[in-house]
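Single-structure report; data block below.
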Amino acid sequence: MISGRVLQGVVSAHLLAIAGQPVFAGVYLSGDFDALRLHAAGANIVTSIGYLQVIVAVVVWVRLRRYWPFVVSLGVVIAETVQYFAGQDGALWLHIPLGVITVVAVVVQFIAIWQRPPRRTEETARA
Ligand code: HEM
């Protein structure tokens, strides 16, 4: 059960971190070049939380026998990794649409993990 709670905490932190990214990008595009530094720092925080989320999701899979959090966490972290390199390369044709998709994916994960927190049931305990 505790691993489910930890996952909820990590996904919440993930959402908080990624929500800042379009804001910093917008401030940067408005002409405040310092905001790119905040966006770059945010990118490191977002991807670090993403990888942490994958590790916690593995623990949830092993302990609670729920694998869907791992599958969705892995999908998001792959998208974020592509996003990171697209940002560094200035490939905005990819970076901006993928950024929007990634933010939406984390919002959906947040809703799913709070609506249906992974917990051990009799059925999963027997498996
Ligand atoms: C809707 C969301 C996002 C938007 C609109 C956005 C937009 C931008 C823009 C406009 C740039 C500047 C590119 C340039 O000047 O060539 C940039 C750079 C960058 N972005 Fe994003 N971004 C978003 C989300 C993210 C996320 C989620 C990550 C991390 C996973 C990320 C990582 C980066 C990195 C590493 C850079 C390069 C920073 C540097 O040059 O120091 N971005 N982004």
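Values quoted throughout were computed directly from the atomic coordinates according to the rules given, and no laboratory measurement underlies them. Being a predicted model, the structure only gives us computed values, none of them experimental. Cβ atoms come from the backbone with ideal geometry, glycine included; neighbour counts cover every protein chain shown.
Check whether at least one residue in the stretch 112-121 is part of a helix (DSSP H, G or I) and either touching a residue at least 60 places away in the same chain (Cβ under 8 Å) or among the basic types (K, R) (or both), and report yes or no. Before the answer, list the steps.
In the first step, residues of the stretch 112-121 are kept if they are part of a helix (DSSP H, G or I); the result is 112-115.
Then keep just the ones that are either touching a residue at least 60 places away in the same chain (Cβ under 8 Å) or among the basic types (K, R) (or both); that gives 113-114.
Looking through the stretch 112-121, at least one residue is part of a helix (DSSP H, G or I) and either touching a residue at least 60 places away in the same chain (Cβ under 8 Å) or among the basic types (K, R) (or both).
Do you know which of the residues in the stretch 29-47 that are under 20 Å from A79 (Cβ atoms) and near the ligand (Cβ under 6 Å from one of its atoms) is surrounded by the most Cβ atoms within 10 Å (Cβ to Cβ)?
It comes out as V46.
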